[in-house]
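Report on the following structure.
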Amino acid sequence: MKRREFITAAGVGSAATAAGVTGAVGTAAAQEEEPDWPDFVSEANEYSSGETEDLRGQDEATVQVGAGDGLAFDPPAIWIDAGTNVIWEWTGEGGGHNVAGQEGEEYASDVNDQAGFTFEHTFEEDGQINTYQCDPHAGQGMHGGVAVGEVPTREVQEGGTTDIHEMGVQLQEHYIGIGAMLMISVSLVFTFFVLKYGESSHAKGGN
Ligand SMILES: [Cu+2]
């Protein structure tokens with residue numbers, strides 16, 4: 001194999017290995033449980049899988065109304081203990097909004113478009129996944145979810161990456177991370193030296 005081809009092969013090989021290992025670390029780190037949200041919440045604006053805000057252990061939780069592009073609740077999915085008071089705070093963005101309970105506990109605020117407007121509801125029933133929406137923007141994905149206490153959960157997984165736990169391999173993320181960095185470093189240093197000194201015999205011969 002010619003030197004150039006070898007450099008390319010080594011570089012691609014190391015990069016692929018490092019990327020593979022990094023992907024596995026990402027999966028392991030992100031792997032956790034979150035409430036088994038209905039699609040109504042999974043498709044809410046500003047929500048993506050695994051981004052449930054875990055506020056258990058606190059007696060108060062705050063959610064912004066009119067976040068993101070103005071048509072979202074933030075955080076859109078929260079997990080609280082029974083007895084927690086949830087306070088929705090209007091940002092004033094996105095027009096008139098309200099908060100209206102759907103599945104679960106019943107509550108509804110007025111529609112308002114002023115920054116600083118607030119609405120509160122204390123969730124009392126343990127084990128329930130509550131959903132709510134903004135009536136004027138429900139059709140545009142302005143939804144939210146409040147999971148209370150011991151609710152059914154699902155495992156959070158990033159799409160497409162290998163689940164190293166399912167493979168039965170228990171690897172310490174720490175060591176995998178160091179390994180990935182070492183491989184990248186070795187690859188870079190190797191490439192640097194070959195490029196710098198590999199051609200030197202010809203270059204110096206010319207001088
Ligand atoms: Cu709205």
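Here, each number is a calculation from the coordinates, and none is a lab measurement. If you're wondering where the values come from, they're calculated on a predicted model, not measured in any experiment.
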message = Skipping prolines and chain starts, which residues have an amide H placed within reach, meaning under 5 Å, of the one on Asp113, given they are 5 or more residues away or on another chain?
response = His97
ask   = What shape does region 58-136 take by its C-alpha gyration tensor, where a ≥ b ≥ c are the square roots of the eigenvalues and a/c under 1.5 counts as rounded, a/b above b/c as prolate, and the rest as oblate?
value = prolate
